[in-house]
Structure formats: C-alpha cells, structure tokens
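The values are calculated or read from the model by the stated rules, or taken from the named source; none is laboratory data. Please read these numbers as outputs of a predicted model, since none were measured by experiment. Reconstructed Cβ throughout: ideal geometry from the backbone, glycine too, with neighbour counts over all protein chains shown. Quick note on the areas: whole protein, heavy atoms, side chains included, nothing else; ligands and nucleic acids left out. Shrake-Rupley method; radii C 1.70, N 1.55, O 1.52, S 1.80 Å.
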Amino acid sequence: RLVPLLGGYAISNHPIKTQEEQVFISLMGPAIGIAPMLLAYGLTPFAAQYYPAAISPLLAFASICGALNFFNLLPIWPLDGGKLTASITAVFHDRAPFYIFVASTALVGLVAVLSQRLFLLFIVVLGVQHLMQTGGSDGRAPHARMSKNHAILCLGAWLFTAATLFMGGVATILRFV
C-alpha cells in the first residue's frame, strides 16, 4: 500500500515464506519512489518550455524523493535496508547481519553525536533495541533460506536501486551532509 508522504508500506494477507519474498517486499518500498522521481525529472524540460515556474518545485521534489528513498535503503535497522541486510548477508555468513548492525548502529551513533541530530539518535535507539532483542542471533527471519546465487541477484538489485536513488537525490544528500 502507498501511504502519502511515507511511501510504500508492506502489508500482506499471508505470512512471508521465503527470504526472496522478504527481499522483494523490502526493496519495493523504496524502489517505487524511482517512478515519481524520474517523472519529475522528465517533466522539467516541458516545464521549461511551457511553465518555467514549475522547474524548481519539480527538481526539488525529484531530489527529495531520491534522497529519502536512498536513506531508507541504508543497512540500518529498522529501515528497509536493514531488512535487506538481514535477508541477504545471512546467506553468506550466519553472524554477518549482527556484525553489520553493530557497525552501522555505532557509525550512525557517532554521526548523531558529531552532528547533534536527534533524528539519528532515534535511529540508534531503535538499532540498539533490535540488537538487544535478537541477543546476538543471526538476524534472519524464519523463512526458507535462499541460495547464494539468488542472494547475489538480490544484492545486485539492491545496489542498482540504491545507486539510482542516490543519483536522483544527490543534490539533497549533499545539501544535508
């Protein structure tokens, strides 16, 4: 389902059975933001010709859409990128999601302290809570495990989606970094 200003929100009528399904659901939330981002960028040449006042709002919308969805794909729990991290990396090493979550939570904590951003501190609290709840377990959901080949394809889709959103949102990302 699409929730205004929040993007895609995954609600299913049946439980997730495989890691591939988990990856698809987690990836489609941010990936659906590619379409409006590209549409806004694509409309700017027409706006330049017929309605120049619309150029700035279109570019701002496209860049913000790309930046927000890129942020959602970072390997931080509870973001979609954290769910992707747990599903994909556990295929290669059972403890990989735990190590990645510890490192990413510590990094976000450092950035939160240095930049004095309360929002990032909130993300750190959620990450620490997740680490405490999993108790150092592998972080995998109780789904049928995917093959390494499927995990590599899923990783490729994740990286391609993240790169596309980063390129679309680079103006906003650089503005706030």
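Can you tell me which residue is farthest from the chain's Cα centre (by Cα) among those in region 66-123 that are under 16 Å from Met28 (Cα atoms) and not in a helix (DSSP H, G or I)?
Pro78
Name the pairs: first residue in region 153-177 and farther than 21 Å from Thr85 by Cα, second residue open to solvent by 30 Å² or more (accessible area, probe 1.4 Å) and part of a helix (DSSP H, G or I), Cβ to Cβ under 6 Å, at least 6 apart or on different chains?
Qualifying pairs under 6 Å: Gly169/Phe70; Thr172/Ile64.
Does Ala112 qualify as being buried (at least 18 other Cβ atoms within 10 Å of the Cβ), modelled with pLDDT under 85 and hydrophobic (A, V, I, L, M, F, W, C)? Walk me through it before giving the result.
Numbers: buried (at least 18 other Cβ atoms within 10 Å of the Cβ): yes; modelled with pLDDT under 85: yes; hydrophobic (A, V, I, L, M, F, W, C): yes.
Yes: the conditions hold for Ala112.
Which residue is modelled with the lowest pLDDT, if the candidates are limited to region 131-170 and must be small (Gly, Ala, Ser) and closer than 20 Å to Arg95 by Cα?
Residues of region 131-170 small (Gly, Ala, Ser): 135-137, 139, 141, 144, 147, 151, 156-157, 162-163, 168-169.
From the residues that got through so far, the ones that are closer than 20 Å to Arg95 by Cα too are 135-137, 139, 141, 144, 147, 151.
Numbers: Gly135: 60, Gly136: 51, Ser137: 52, Gly139: 45, Ala141: 50, Ala144: 73, Ser147: 86, Ala151: 88.
Applying the filter and picking the extreme gives Gly139.
All but one of (1) within 22 Å of Phe92 (Cα to Cα); (2) modelled with pLDDT under 90 hold for Val128; state the number of the condition that does not hold.
Here Val128 clears every test but (1).
If you check Ile55 against the conditions, is it open to solvent by less than 60 Å² (accessible area, probe 1.4 Å) and either closer than 25 Å to Val108 by Cα or touching a strand residue (DSSP E or B) at 6+ places or on another chain (Cβ under 8 Å) (or both)?
Numbers: open to solvent by less than 60 Å² (accessible area, probe 1.4 Å): yes; either closer than 25 Å to Val108 by Cα or touching a strand residue (DSSP E or B) at 6+ places or on another chain (Cβ under 8 Å) (or both): no.
Taking the combined requirement at face value, the residue does not satisfy it.
So which of Ala53, Ala62 is assigned to a helix (DSSP H, G or I), free of Cβ contacts under 8 Å to residues at least 40 places away in the same chain and on the phi < 0 side of the Ramachandran plot? Before you say what the answer is, go through the steps one by one.
Working: Ala62 fails: free of Cβ contacts under 8 Å to residues at least 40 places away in the same chain.
Unique residue meeting the criteria: Ala53.
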